[in-house]
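What follows is one structure encoded as structure tokens, with my remarks underneath.
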Amino acid sequence: LYGNPRTELMWWNRPLWFIPCLFITLLIVDMIERIIFIENRRGGGRERRIAVIIISLLIGIIWNRASNLILPFHMEAALGMISYTEMGIVFRDNRIDKRIEGTGSGTKSVLVIACIIAGVLLSGINGWAQVLRCTYGKYPGLFIVTSVLLITATTVLAVCVRKNFLFEELGKWSLCILLMHKFPVLLFQRIIPVTKMYLSESRNESIATVTCGFIVSVICILLCLCVGKVISSILPEIIGQKRRAGSKVP
């Protein structure tokens with residue numbers, strides 16, 4: 001209920017921190033957007049949105065540098081993440097995907113490669129960062145630049161792929177995968193002897209370890225998809241899906 005993994009209260013399933021944090025972020029963004037939309041009738045909506053992005057980034061960085069408060073629903077992380085949601089709205093409103101689509105394949109390739117190389121190099125300079133821990137590395141400014149570069153690379157790749165059944169299915173069931181993936185992962189990490197050995201935190205990376213991790217990941221995703229399909233057919237509302245017309249609650 002407290003929804004913050006920086007305490008011991010969510011130790012049972014810490015990856016779920018993302019959901020309450022996203023919930024709070026979207027609530028705040030919704031309020032901001034309503035204000036911007038009202039003001040936008042008089043003009044200046046875009047400038048206000050850019051101002052919100054900058055202010056959110058500054059608040060998120062300063063707050064987490066100056067305060068160690070652990071707020072419900074991971075609100076301290078949401079303060080900085082508002083900016084990325086607003087960036088997404090800017091991308092959408094300016095139809096960035098259509099602009100990328102209109103460029104040549106060579107330009108797209110260069111852009112992806114350049115963004116990935118620059119993002120990885122800057123990430124290495126900035127050091128370890130984790131929104132979960134409200135830690136943005138040595139230089140929070142580099143964290144922002146790195147994330148924007150890699151988001152840009154991902155966006156360009158998504159535009160290039162456009163239609164892909166596998167990616168579409170994984171995206172459609174991503175909430176179920178997020179909700180349930182820890183349970184099969186723990187099964188492989190703690191109980192099954194062979195995978196337990198390879199997935200040990202103290203084991204050095206090797207081809208065998210990476211291969212084992214990949215196979216386990218695929219199996220975990222498939223198991224989550226199976227459970228998700230069952231939930232969808234019985235009680236789809238709990239994973240945000242609508243019940244088909246005419247179907248009844250069991």
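The values are calculated or read from the model by the stated rules, or taken from the named source; none is laboratory data. A quick note: this is a predicted structure, and the numbers were derived from the prediction, not measured. Note that we place each Cβ from the backbone using ideal geometry, even for glycine, and neighbour counts take in every protein chain shown. Side chains are part of the model used for accessible areas, which takes the heavy atoms of the whole protein and leaves out ligands, DNA and RNA. Shrake-Rupley method; radii C 1.70, N 1.55, O 1.52, S 1.80 Å.
Under a 10 Å cutoff between Cα atoms, tell me which one of Val210, Val156, Val90 has the largest fluctuation in the Gaussian network model of the chain.
Largest GNM mean-square fluctuation: Val210.
For region 113-124, in order, what is each residue's ³J(HN,Hα) by Karplus, 6.51 cos²θ - 1.76 cosθ + 1.60 with θ = phi - 60°, in whole Hz (x at glycine and Pro)?
Residue by residue, region 113-124 yields 4, 5, 5, 5, 4, 4, x, 5, 4, 5, 5, x Hz.
Keeping all protein chains in place and using 1.4 angstrom, which order do Arg6, Arg46 fall into by accessible surface area, from largest down? Walk me through the numbers on the way to the answer.
Working: Arg6 50, Arg46 150 Å².
Most to least solvent-accessible, the answer reads Arg46, Arg6.
Thr135's amide H: which non-local residues (gap 5+, or another chain) put their own amide H closer than 5 Å, with H modeled 1.01 Å from N in plane and none for Pro or chain starts?
So Thr135 has HN proximity to Gln130.
Would you tally the net charge around Ile100, using a Cβ to Cβ cut-off of less than 14 Å, leaving Ile100 out, and scoring K and R as +1, D and E as -1? Before the final figure, lay out each step's value.
Numbers: positive: Arg92, Arg95, Lys98, Arg99, Lys108, Arg162; negative: Asp97, Glu101.
Around Ile100, the charge tally is +4.
Would you calculate the separation in nanometres between label points at Leu235 and Met31, each defined as 7 Å from the Cα along the Cα-to-beta-carbon direction?
Rounded to a tenth, the inter-label distance reads 3.1 nm.
Could you give me the ³J(HN,Hα) list for region 151-161, computed from phi with Karplus coefficients 6.51, -1.76, 1.60 and θ = phi - 60°, whole Hz, x at Gly and Pro?
5, 4, 4, 5, 5, 5, 4, 4, 5, 5, 6
Show me, for region 65-74, the HN-Hα J-couplings you get by feeding each phi into the Karplus relation (A = 6.51, B = -1.76, C = 1.60, θ = phi - 60°), rounded to Hz, glycine and proline as x.
7, 9, 10, 10, 5, 10, 8, x, 6, 6
Between beta-carbons, use under 12 Å as the cut-off and find the net charge around Ile239, counting Lys and Arg +1, Asp and Glu -1. Don't skip to the answer; put the middle values down first.
Working: positive: Lys172, Lys229, Lys242, Arg243; negative: Glu237.
Within the 12 Å Cβ shell, the charges total +3.
Cross-link candidates for Lys196: which aspartates and glutamates have Cα within less than 19 Å, leaving aside residues fewer than 8 places away along the same chain?
Within reach: Glu205.
Can you give the net charge of the other residues whose Cβ lies under 12 Å from the Cβ of Gly88, counting K and R as +1 and D and E as -1? All intermediate terms of the calculation are to be shown ahead of the outcome.
Details: positive: Arg49, Arg92; negative: Glu33, Glu86, Asp93, Asp97.
Net charge in that neighbourhood comes out at -2.
If you take the charge dipole of the chain about its Cα centre, with +1 on Lys and Arg Cβ and -1 on Asp and Glu Cβ, which of Ala77, Ala158, Thr25 is farthest toward its positive end?
Farthest towards the positive end: Ala158.
For the chain, report the accessible area per residue in Å² (1.4 Å probe, heavy atoms, rounded to an integer).
64 Å²
Put +1 on the Cβ of every Lys and Arg and -1 on every Asp and Glu Cβ in region 49-190; which of Gln130, Ser67, Val90 then has its Cα farthest towards the positive end of the dipole?
Projecting each Cα onto the dipole axis, the largest value belongs to Gln130.
For region 87-142, which whole percent of the accessible surface, found with a 1.4 angstrom probe, sits on carbon and sulfur atoms?
Working: 2230 of 3400 Å².
Answer for region 87-142 is 66 percent, counting heavy atoms of protein chains only.
Which value, in debye to the nearest 20, gives the size of the charge dipole of the chain about its Cα centre, when Lys and Arg are +1 and Asp and Glu are -1 at the Cβ?
So the magnitude is around 460 debye.
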